[in-house]
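Chemist: Let me begin by handing over the structure; questions about it come next.
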């Protein structure tokens, strides 16, 4: 039996990559058809998949599922609000509610893959060093995107209770760091100088795009019920990341950092979501042993390697020019 | 003698001279050149070509001016026995010697040479003030040799390479944020404080297992948790292992403190982190008294507070690692807490706001810890592998083991206090 997969938010850079990966997997992996849905037209190449322009926040989604006989729903693009897109909360929470309502009605849907985020754990000084899947957020999920994602996950848990026959895989992914994939940290690291919180050096984790695509592909093709953290091995503190990228940090006092950093970044022609400041203050790291042992996937790249790969695709930073960055030292080595 | 008295200015008219030992003023101006006295005292002035004439003209006047003062005692005591007179006059004699032509010429030459040398060196290196550059270079090399040893060249190269690696972000940290290089720097920085200021004495270091996980449980005291820092230093210095302290969430909420704490190996005191460290074979340190321990008044020093809720025992039991009781004597006296401002502390979000005899009275000076004498004793490990890991769910057993550890520490504290005697000497 070949699957019909519905991918939400395919206009988003990451979701379109996942949809393309599913098309590429094709019949060999038992995927017969990929249906993409979004409110705006994707600018990416969507060869081989069916695109439906519909709003996930309206009951239209139920019709799409019924018409296409969708049996696998990949709910992606649950993202922090970005500039130029309407209210993140509407899209994330209300969209999920509509989608789950449609899935509950449908008799064909047998699998739901939720692209969640490690932001569900929040970010606070009371956090353990590594979060595993059974831990809850200690603090820092009272507003913004972390609150959205907590609500999204709670709706999915409610859906799982009502439809125990549906296989549900929740991937709590760390931020994907890749030049082509929109993510808050990518936008942040692309700036020439990086605003940071004075006296804090958060531990960060990244997920490489290849690993992320592989994980979602496997979640669709195989049955992997459960919740899994996904991140590259190890942690990278912000100070180290900035040095690797050759970009100087600009420490700012913690009080008022959120708005100051946002203005600062906007002045440089980029944007970061307003709730990124908590991550930039306290950091967060997740334990990926469940992904390796139960899900059965070993991330190919560590957080550090992901960062290095990202750095290679980026314009060299200011400090690289001064010969202080890693790539600067390789050229220095050649000179010797 | 008669002559001399005249010269001194009592007999003859000033500036007249006596033809034998001192020339007249006219004769002196004929001699030309800079007077010796002036030349040596102010070589710069002598070197100044424009000031040369004024200097030679002013010199006799200066000599005359000082002259009357010197013989005052000899003039005041003319009726004294003659035997004492030569003795009194002898020291003044050379100064009053006539300035001969040879003297003046030699002094002028010396002054000119000195001035010339100064201008030469000043032109070459304005900052070195007369020290040649190669001498400075040699001195730097010698200093480097003295500080870094004979292989200083390679050591400086290593140091520069390390700095470069740090700046390019090319270093490893573990998932807790522990940065071994920074921890090493901190150990080196704490060493003089621990050894010289607190005269630290460490006992029972052999009770720390050489490898594998262990949980160090210590008493907490001293208003500012310096005891954690010193214990970490002692463990690193004497057993060579890294202590991974478990700290309160306040530590990680404070700017700078939290950042440094993570880099030197601390992590949050919670069940998950403790078990992760212990099952990973690390040496974790815990101070279960928490703020009740460090924030207790000086009058209650060395009285152990409640040992948390015994969570540390269940962590050790689940990880099946021994508990090493650690007794720290000396930390109580570093900042004797004599008062507390609870309302202000609440306002600032702190557990207490300390008042010590010197803080805030002396301002920043009051932040210097008193030099008490420290003893850290690592006690005999309490085995937990005799119990099943499931025993961690038996609260009665946990309370018993907690009490056992607490009692051990309390008794050791009393014993160490008696052995230490005076807290400061």
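Values quoted throughout were computed directly from the atomic coordinates according to the rules given, and no laboratory measurement underlies them. Since the model is a prediction, treat every value here as computed from it, not as a measurement. Cβ coordinates were reconstructed from backbone atoms using ideal geometry, including for glycine residues, and neighbour counts include every protein chain displayed.
Chemist: Collect the residues in the stretch B:244-256 that are at the interface with chain A (Cβ under 9 Å from one of its Cβ atoms) and under 15 Å from residue A:124 (Cα atoms), keeping them in residue-number order.
Modeler: B:249, B:250, B:251, B:252, B:253, B:254, B:255, listed by residue number.
Chemist: Which one is farthest from residue A:148 (Cα to Cα), of the residues in the stretch A:275-287 that are over 15 Å from the mean Cα position of the chain (by Cα) and part of a loop (DSSP other than H, G, I, E, B)?
Modeler: Here the residue is A:287.
Chemist: Let me ask something else. Of everything in the stretch A:227-274, what is part of a helix (DSSP H, G or I), more than 10 Å from chain B (Cβ to nearest Cβ) and out of contact with any strand residue (DSSP E or B) (no Cβ under 8 Å at 6 or more places or on another chain)? Give them in sequence order.
Modeler: The answer is A:258, A:259, A:262, A:263, A:266, A:267.
Chemist: Considering only residues that are farther than 14 Å from residue A:216 by Cα and touching a residue at least 60 places away in the same chain (Cβ under 8 Å), look in the stretch A:12-53 and name the one that is surrounded by the most Cβ atoms within 10 Å (Cβ to Cβ).
Modeler: So the residue we want is A:12.
Chemist: Would you confirm whether or not the stretch B:157-166 contains a residue that is farther than 25 Å from residue B:332 by Cα, in a helix (DSSP H, G or I) and more than 14 Å from chain A (Cβ to nearest Cβ)?
Modeler: For the stretch B:157-166, residues farther than 25 Å from residue B:332 by Cα, in a helix (DSSP H, G or I) and more than 14 Å from chain A (Cβ to nearest Cβ): present.
Chemist: Is the stretch B:182-199 home to any residue that is more than 27 Å from the chain's Cα centre (by Cα) and surrounded by 15 or more Cβ atoms within 10 Å (Cβ to Cβ)? I'd like the intermediate steps shown before the answer.
Modeler: Taking the stretch B:182-199 first, the residues more than 27 Å from the chain's Cα centre (by Cα) are none.
Looking through the stretch B:182-199, none of the residues is more than 27 Å from the chain's Cα centre (by Cα) and surrounded by 15 or more Cβ atoms within 10 Å (Cβ to Cβ).
Chemist: Filter the stretch A:181-199 down to the residues that are farther than 19 Å from residue A:286 by Cα and assigned to a loop (DSSP other than H, G, I, E, B), then identify the one that is nearest to the other protein chains (Cβ to nearest Cβ).
Modeler: A:199
Chemist: Quick one: residue B:176 ticks every box in (1) surrounded by 17 or more Cβ atoms within 10 Å (Cβ to Cβ); (2) assigned to a helix (DSSP H, G or I); (3) within 14 Å of chain A (Cβ to nearest Cβ) except a single one, so which number is it?
Modeler: Of the numbered conditions (1) surrounded by 17 or more Cβ atoms within 10 Å (Cβ to Cβ); (2) assigned to a helix (DSSP H, G or I); (3) within 14 Å of chain A (Cβ to nearest Cβ), the odd one out for residue B:176 is (2).
Chemist: Please determine whether any residue of the stretch B:180-188 is free of Cβ contacts under 8 Å to residues at least 24 places away in the same chain, within 14 Å of chain A (Cβ to nearest Cβ), out of contact with any strand residue (DSSP E or B) (no Cβ under 9 Å at 6 or more places or on another chain) and more than 23 Å from residue B:250 (Cβ to Cβ). Steps first, please.
Modeler: Of all residues in the stretch B:180-188, those free of Cβ contacts under 8 Å to residues at least 24 places away in the same chain come to B:181, B:184-185, B:188.
Now narrow it down to the ones that are within 14 Å of chain A (Cβ to nearest Cβ): B:181.
Next, from what is left, pick out any that are out of contact with any strand residue (DSSP E or B) (no Cβ under 9 Å at 6 or more places or on another chain): B:181.
Now drop any that are not more than 23 Å from residue B:250 (Cβ to Cβ), which leaves B:181.
Within the stretch B:180-188, one or more residues are free of Cβ contacts under 8 Å to residues at least 24 places away in the same chain, within 14 Å of chain A (Cβ to nearest Cβ), out of contact with any strand residue (DSSP E or B) (no Cβ under 9 Å at 6 or more places or on another chain) and more than 23 Å from residue B:250 (Cβ to Cβ).
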